[in-house]
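Student: A single structure is presented below for examination.
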Amino acid sequence: TFDYIVVGGGTAGLVIANRLTENPNVSVLVLEAGVSDQGVIASQVPFLGPTLTPNTPFDWNYTVTPQASLNGRSFPYPRGHILGGSSSVNYMVHQVGTNEDWNRLAAVSGDSGWAWNNMRQYIQKTEKFVPPIDGHNTTGQFIPSLHGFNGEVLCSLPGGNQTIDSRVIATTQQLAEFPFNQDTMGGDHSLLGVGWMQSTDGGGIRSSSSTSYLAQANSRPNLTVLINATVLKLIQTGTSGSLKAFRSVQFANSGATSLATATGLRTVTARKEVILSAGSIGSAQILQLSGIGNAKQLSALKIPSTINNPNVGENLSDHPLLPNTFSVQSSLTFDGLLRDSNQINNAVNQWATNRTGVFSNNVANNYGFARLPPSSSIFSTTPDPAAGPTSPHWEMIFANFWFNPVVAQPATGNFMTIITVVVSPTSRGNITLASNNPFDKPLINPNFLSTPFDIFTMREAVKAIKRFAAAPAWSGFVTGPFGDAFASATTDAQIESYVRGLATTIFHPVGTASMTSAKSSAGVVNPDLTVKGAAGLRVVDASVFPFVPSSHTQGPVYLLAERASDIIKAAA
Ligand code: FAD
């Protein structure tokens, strides 16, 4: 038996596994459904990150339900199915959210421990900032005093120039609307403006929760990690006062299609606690399979209710993404490389030889965040949903090539893509079970762009990046918007129709096991991450954020899991 069972060896789960086993007297079992990350080259080569999903063995290969506000389209919804979870397959953009994101979490949960004043310390535990791979002088590209240099996860600035970098930076000097931001991490520094991307890689290799937190703890005899182990449900182990205890976990070998065909079916019991870290999809699914959810819905699927809580799986919140592609007059984009297997092989070889070249870097070097102008008409009907007056509403990412997670690269042409993202969305969706078969994929409905605010913001973001690409810095480079839908979208109605036809996800789902104050019957977990109505059970992963942070979500998950580890240790 083990003191703690961690369900999901992903971003958060491996932080917990590491921190709890720092005490040699505490034993931890990690159950991970996915495969090993050992020897998965694409998970090591920074530039190949986007090839890890969708439709691979490293992905759960989910799709979203037809999205009503996106012309009924369905599309892939990647999640890491590999040790390290989504940190092993993501695009490695490193941020921690804004101070206002954390202060709102503290306000909503009634726990000042979630406020930025307290959370700031965990940067020192997670971050190990290292020089860029090309060793260039990074003065002015980040603010060292904001960062950690002795933590677990490697972070670095881009180590190779891309054709568009100097033009992006020049635009920040030409258009007052897009100021330069000297540090894009967030936290103590504003996210507003355009600056240099920080990535969770170092020495030309991805740094995931597996290569960092797990690698560092792997040799501890008190830590056991099982891969290919799919958790099917939690099992009630008794009561504790008015609470129902859930200290047992049923799991089986991954790869079955039903309970009847599952092999290796086993049940393990934790002496102290089960920690659910299966992510925003997995944790909500496992809770519901365990009877913790909407009793009416579950009984329709013949799942006996254990804790009736209709909030489980609800409040799904994600950032919608729109790839706006421009045709450019340059052969120096990555498009030629991506079409030429010889060039790709050379780049892989160069990476393998000495960890240099284009493949040792992330796919984008610059990005930025902005707010809608205060005079925007939407604010007469929708209260500002940002976490505070200095948190962004939308994001822009500059890619030196055709980037589109859904539409394949055309056979010819050179491109620049300016991705726009709504980072303070008001749309909410949900995750529900399709059946009582634990091997069936759940129904995932992020409900993208289903509110006036979200479609307004994406529309204004499209207008803004058109202004960006019209700055003098781009003359002689950008020839115009690519594709009829983008090129002909000038009226508000046309832009909205273009958006609905193309938008997908930037893979930041949260909220399906939302944190609320201990007294509140809304939400799923208390501020100490215990499940409402349950004993011996916590959720520690992205699903507990009641609002999606206005940044990329991996960094916030690392900080959350660090504090959760402290909370769990203190409760022991
Ligand atoms: P995960 O890291 O997904 O971990 C959940 C783990 O639980 C997985 O290992 C999974 O296999 C396992 N699991 C699930 N169900 C079960 C089960 N039944 N039994 C056993 N194990 C189970 N964020 C950024 O900050 N920057 C980026 O550039 C970025 N890009 C992204 C690109 C992609 C393609 C994706 C998918 C995500 C991206 N994100 C990015 C988001 C970020 O990676 C996630 O928010 C974060 O990693 C989530 O951490 P988590 O611990 O909640 O879940």
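Derivation of every value follows stated rules applied to the coordinates shown; laboratory data play no part. None of the values given here were measured: they were computed from a predicted structure. Every residue, glycine as well, gets a Cβ built from its backbone with ideal geometry; the counts of neighbours run over all protein chains shown.
Student: Check the straight Cα-Cα distances from residue 128 and name the lysines below 30 Å, setting aside those fewer than 8 residues away within the same chain.
Tutor: 569
Student: Sticking with this structure for a sec: What is the packing order of peptides 173-184, 123-134, taking the mean over residues of other C-beta atoms within 10 Å and listing the highest first?
Tutor: Ranking, from highest mean packing down: 123-134, 173-184.
Student: Given a Förster radius of 22 Å and the C-beta distance between residue 75 and residue 379 as r, what FRET efficiency does 1/(1 + (r/R0)^6) yield to the nearest 0.05? Mind dumping the intermediate values first?
Tutor: Working: r = 31 Å, r/R0 = 1.39.
With R0 = 22 Å, the Cβ-Cβ based efficiency is 0.10.
Student: Which three extents, in whole angstrom, do the alpha-carbon atoms of region 438-511 cover along their principal axes, largest first?
Tutor: Each principal axis gives a Cα extent; for region 438-511 these are 56, 24, 23 Å.
Student: Sticking with this one: Between residue 308 and residue 265, what is the FRET efficiency for a Förster distance of 22 Å, r being their Cβ-Cβ separation, to the nearest 0.05?
Tutor: Working: r = 27 Å, r/R0 = 1.24.
That gives a FRET efficiency of 0.20.
Student: Quick one: P(r) of region 60-100 from all Cα-Cα pairs, 5 Å bins, percents rounded to integers, in order of increasing distance.
Tutor: That works out to 6, 18, 15, 16, 15, 19, 10, 0, in percent per bin.
Student: Quote the relative contact order of region 440-572 in percent (integer), defining contacts as alpha-carbon pairs under 8 Å separated by 6+ residues.
Tutor: Relative contact order comes out at 16 percent.
Student: Tell me the angle of helix 341-354 to the major Cα principal axis of the chain, expressed in degrees between 0 and 90 and rounded to the nearest ten.
Tutor: 70 degrees
Student: Rounded to two decimals, what ratio of Rg to Rh does region 240-365 give with C-alpha atoms and a Kirkwood Rh?
Tutor: Radius of gyration relative to Kirkwood radius: 1.20.
Student: At 0.36 nm per residue, and after removing the present C-alpha to C-alpha distance, how many nm does the segment from residue 488 to residue 572 gain when stretched out fully?
Tutor: Fully extending the segment from residue 488 to residue 572 adds 24.1 nm.
Student: Taking 0.36 nm per residue of sequence separation and subtracting the Cα-Cα distance, how much length would be gained by fully extending the chain between residue 35 and residue 350, in nm to one decimal? Can you show the working numbers first?
Tutor: Working: separation 315, 0.36 × 315 = 113.40 nm, distance 2.70 nm.
Stretched out fully, the residue 35 to residue 350 stretch lengthens by 110.7 nm.
Student: Among 537, 96, 345, flag the residue with its Cα farthest along the positive direction of the charge dipole of the chain, charges on Cβ as +1 for Lys/Arg and -1 for Asp/Glu.
Tutor: After comparing all options, I get 537.
Student: With a 10 Å radius around each residue's Cβ, average the other Cβ atoms per peptide and rank 367-378, 401-412, highest first. If you can, show how the numbers build up before the last one.
Tutor: Working: 367-378: 17.6, 401-412: 15.0.
Most protected by this proxy first, the peptides run 367-378, 401-412.
Student: For the pair residue 407/residue 180, report the inter-label distance in nm, with labels modelled 7 Å from Cα in the Cβ direction.
Tutor: It is 3.4 nm.
Student: Tell me the net charge near residue 121. Cut-off is 11 Å between Cβ atoms, residue 121 excluded, with +1 for each Lys or Arg and -1 for each Asp or Glu.
Tutor: Around residue 121, the charge tally is +1.
Student: Excluding residue 279 itself, what net charge comes from residues whose Cβ is under 12 Å from its Cβ, given Lys and Arg +1 and Asp and Glu -1?
Tutor: Cβ neighbours under 12 Å give a net charge of -1.
Student: Further question: Give the separation of the Cα centroids, region 1-26 to region 172-247, in Å.
Tutor: If you average the Cα positions of each part, the centres end up 14 Å apart.
Student: Tell me, what is the percent relative contact order of the chain, built from C-alpha pairs under 8 Å that lie six or more residues apart?
Tutor: Over the chain, the number comes to 22 percent.
Student: For region 323-425, what does the relative contact order come out to in percent, with C-alpha contacts under 8 Å and a separation of six or more?
Tutor: Relative contact order for region 323-425 comes out at 41 percent.
Student: Only bridges with both residues in the chain count here: give the DSSP antiparallel percent, nearest 5.
Tutor: Among the beta bridges of the chain, antiparallel pairing accounts for roughly 65 percent.
Student: Let me spell out the model: positive unit charges on the Cβ of Lys and Arg, negative unit charges on the Cβ of Asp and Glu, origin at the Cα centre of the chain. What dipole size does that give, in debye rounded to 20?
Tutor: Charge dipole of the chain: 1180 debye, to the nearest 20.
Student: Sticking with this one: For region 65-189, what D do you get in µm² per second when you plug the Kirkwood radius from alpha-carbon pairs into Stokes-Einstein at 37 °C and 0.692 mPa s?
Tutor: Reported coefficient: 186 µm²/s.
Student: If one computes P(r) from the Cα atoms of region 1-147, what percent of pairs lie at distances over 24 Å?
Tutor: The answer is 55 percent, as a whole percent.
Student: Just report the Cα centroid separation between region 29-84 and region 528-570, whole Å.
Tutor: 22 Å
Student: With the cut-off at 1.5 for a/c, could you classify region 218-283 from its C-alpha gyration tensor as rounded, prolate or oblate?
Tutor: oblate
Student: OK, next. Which lysines does residue 244 reach when only Cα atoms under 16 Å apart count, and residues fewer than 8 places away in its own chain are ignored?
Tutor: Straight-distance partners of residue 244: 233, 272, 532.
Student: Consider all pairwise Cα distances in region 298-381 and report the whole-number % of them above 19 Å.
Tutor: 70 percent
Student: Less than 13 Å apart at the alpha-carbon level, and either on another chain or at least 8 residues along: which aspartates and glutamates does that give for residue 519?
Tutor: Hits, sequence-local ones excluded: 111, 528.
Student: Now a separate question. Okay, helix-only estimate at 222 nm for the chain: each DSSP H run of n ≥ 4 adds -39500 (n - 2.57), divide by all residues, round to 500 deg cm²/dmol; what do you get?
Tutor: Working: 14 runs with 131 residues, N = 572.
Estimated from H runs of four or more residues: -6500 deg cm²/dmol.
Student: When the dipole is taken about the Cα centre of region 345-490, and only Lys, Arg (+1) and Asp, Glu (-1) are charged at their Cβ, what size is it in debye, to the nearest 20?
Tutor: The calculated dipole for region 345-490 is roughly 160 debye.
Student: If you look at just the Cα atoms of region 112-254, how large are its Rg and its Dmax in Å?
Tutor: 21.5, 66
Student: Got a sec? Charge dipole of region 204-358, +1 on Cβ for Lys and Arg, -1 for Asp and Glu; which of 310, 241, 276 is way out at the positive end?
Tutor: Going by the Cα projections, it comes out as 241.
Student: Which number do you get for Rg(Cα) / (2.2 N^0.38 Å) in region 394-497?
Tutor: Against the empirical 2.2 N^0.38 Å value, I get 1.35 for region 394-497.
Student: Note the direction-averaged projected area, equal to a quarter of the hull surface, for the Cα convex hull of region 354-432, in nm².
Tutor: Mean projected area of the Cα convex hull: 9.7 nm².
Student: Excluding residue 431 itself, calculate the net charge of residues whose Cβ lies under 15 Å from the Cβ of residue 431, where each Lys or Arg counts +1 and each Asp or Glu counts -1.
Tutor: Taking every other residue near residue 431 into account, the sum is -1.
Student: Across all directions of projection, what mean area in square nanometres is found for the Cα convex hull of the chain?
Tutor: If I average the Cα hull's projected area over directions, I get 24.6 nm².
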